[in-house]
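Undergrad: Okay, handing you the structure first.
Every read-out reported here was derived from the displayed coordinates using simple, explicitly stated rules and does not represent laboratory data. Just so it is clear, the model here is predicted, and its values are computed rather than measured. As a convention, Cβ positions derive from the backbone with ideal geometry for all residues, glycine included, and neighbour counts pool all protein chains shown.
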Amino acid sequence: MAFVLPTFVLECAVHTYEVHPTIGPLRFIVECQLRAPDMSVAALNAITPNLVCGQVLLLPKLTDIRDFNSALGNMQDHIEVPVNSGCYYDAMYVGDIAKGFDNEHRYAILRKRGNGFPVPMP
């Protein structure tokens, strides 16, 4: 069976970086899929254990999401997923999957911000 494009069942809000730890203004809302950590997250945590990254966010190809960049003063996008949940994440690493193929999509490794509890609490 061939690898297929993931189903994007949620929407997430992508915010610009302003002054850490402030969440900046909303840039856009995009369809996404939030997944449990995989081996790429485990490898990133082994290299940089102080970051404690968690979930993986899958996005449509060419989504303008910006990751951690120390050359730019530790700037990165802040993502609220799902929209209006109050659960925010920092985009620590962004990459592409299946570049150049029909099932191309983008992924981001996320780190939870604050308490990470959704609002309202279940």
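Undergrad: Work through the residues other than Asp64 whose Cβ is under 12 Å from its Cβ and net out their charges, Lys, Arg +1 and Asp, Glu -1.
TA: Result for the local shell: +2.
Undergrad: Moving on to the next point. Quick one: Asp67, Asp90, fewest Cβ neighbours within 10 Å first, how do they rank?
TA: Asp67, Asp90
Undergrad: Now, a different point. Give me the net charge for the shell around Glu104: Cβ to Cβ below 10 angstrom, other residues only, Lys and Arg +1, Asp and Glu -1. Show your work: numbers first, answer last.
TA: Numbers: positive: Lys61, Lys99, Arg106; negative: Asp96, Asp102.
It works out to a net charge of +1.
Undergrad: For Lys112, Lys99, what ranking results if the residue with the fewest other Cβ atoms within 10 Å of its Cβ goes first?
TA: Numbers: Lys112 15, Lys99 10.
Result, fewest neighbours first: Lys99, Lys112.
Undergrad: Based on other C-beta atoms within 10 Å, arrange Ile65, Ile79, Ile29 from fewest to most. Before the final figure, lay out the partial values.
TA: Working: Ile65 21, Ile79 25, Ile29 12.
So the ranking, lowest neighbour count to highest, is Ile29, Ile65, Ile79.
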